[in-house]
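The values are calculated or read from the model by the stated rules, or taken from the named source; none is laboratory data. The model shown is predicted, which means the values in this text are computed figures rather than measured ones. A quick note on method: Cβ atoms are made from the backbone with ideal geometry, for glycine too, and the neighbour counts reach across all protein chains shown. Accessible surface areas use protein heavy atoms only, side chains included; no ligands, DNA or RNA. Shrake-Rupley method; radii C 1.70, N 1.55, O 1.52, S 1.80 Å.
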Amino acid sequence: MKKVYGSAAEALDGLLHDNMLIAAGGFGLCGIPELLLAAIRDAGVKDLTFASNNAGVDDFGIGILLQTRQVKKMMSSYVGENDTFMQQYLSGELELEFNPQGTLAERMRAGGAGIPGFYTKTGYGTQIGEGKEVKEFDGEPYILERGIFADLSIVKAWKADTTGNAIFRKTARNFNPPAAMCGRTCVMEVEEIVEPGELDPDCIHLPGIYVHRLIQGEHEKRIEKLTTRES
């Protein structure tokens, strides 16, 4: 089965529609599937829900889709560097479902493993736990969190072979593998595609069974908040 496509638009062909739930990889500005996000913007689909650690910044990552008002809801754990996000949320244009980072990652992983829900102590007794089912285990309260089953996953890897076996670099590994797992279809962009057998099997972070389509492209190295020493 062909997995390697020539462009982001080609890889997303036939997969996009309004009102879909998309799981997007990335941690801060590290490991963001920027080429696929740009292709989604250009496709013009709207009323999207994104499950993602972050919303990027105003002109990068999911931020470019917020600028065009194609996103109706974010399921996120960190959104602190995006003014467009803040303005749309405070004006009531954008719905927000906050998640602790570990909970969000586990919700994605659970979806990929076919687990519809799990119990966690994180968030109990806070706004995160309001309205959620509570159950006691060994005398301790836990809240029920639902697994995320996305219509589409978009992720970015460092290297992959043509079958989709992938390696992520450093903090890009935090959310990309669970995001990839929870989508009914997963499209991945990578910096380098190699032939099967060229990657050390012990170094593979995501098995190719989870990846349906992939592209190779040039990527921008962004720094979210540049801090330099005075000269």
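Are any residues in segment 28-53 at pLDDT 95 or above, out of contact with any strand residue (DSSP E or B) (no Cβ under 7 Å at 6 or more places or on another chain) and part of a loop (DSSP other than H, G, I, E, B), and if so, which ones?
Across segment 28-53, the qualifying residues are Gly44, Val45, Lys46.
Based on this model, can you work out whether Thr171 counts as of a type in the set (Ser, Thr, Tyr), in a helix (DSSP H, G or I) and touching a residue at least 24 places away in the same chain (Cβ under 8 Å)?
yes
If you scan segment 103-120, which residues turn out to be among the hydrophobic types (A, V, I, L, M, F, W, C) and assigned to a helix (DSSP H, G or I)?
Correct list: Leu104, Ala105, Met108, Ala110.
Which condition number in (1) in contact with a helix residue (DSSP H, G or I) (Cβ under 9 Å, 6 or more places away or on another chain); (2) part of a loop (DSSP other than H, G, I, E, B); (3) touching a residue at least 40 places away in the same chain (Cβ under 8 Å) is the one that Val187 fails?
(2)
Can you tell me how many residues in segment 5-27 are open to solvent by less than 10 Å² (accessible area, probe 1.4 Å), assigned to a loop (DSSP other than H, G, I, E, B) and out of contact with any helix residue (DSSP H, G or I) (no Cβ under 6 Å at 6 or more places or on another chain)?
Looking only at that region, the number is 2.
Restricting attention to segment 121-168, report how many residues are open to solvent by 80 Å² or more (accessible area, probe 1.4 Å), part of a loop (DSSP other than H, G, I, E, B) and without any contact (Cβ under 8 Å) to a residue 24 or more places away in the chain.
6
Name the single residue, out of those in segment 146-185 being at pLDDT below 95 and of a type in the set (S, T, N, Q), that is farthest from Glu106 (Cα to Cα).
Ranking the candidates gives Thr171 first.
So which residues in segment 54-102 are part of a helix (DSSP H, G or I), open to solvent by 10 Å² or more (accessible area, probe 1.4 Å) and more than 21 Å from Gly123 (Cα to Cα)?
Selection gives Ile64, Gln67, Asp83, Thr84, Met86, Gln87, Tyr89, Leu90.
From the set of residues in segment 36-53 that are within 20 Å of Ile223 (Cβ to Cβ) and surrounded by 23 or more Cβ atoms within 10 Å (Cβ to Cβ), which is farthest from the chain's Cα centre (by Cα)?
Leu37
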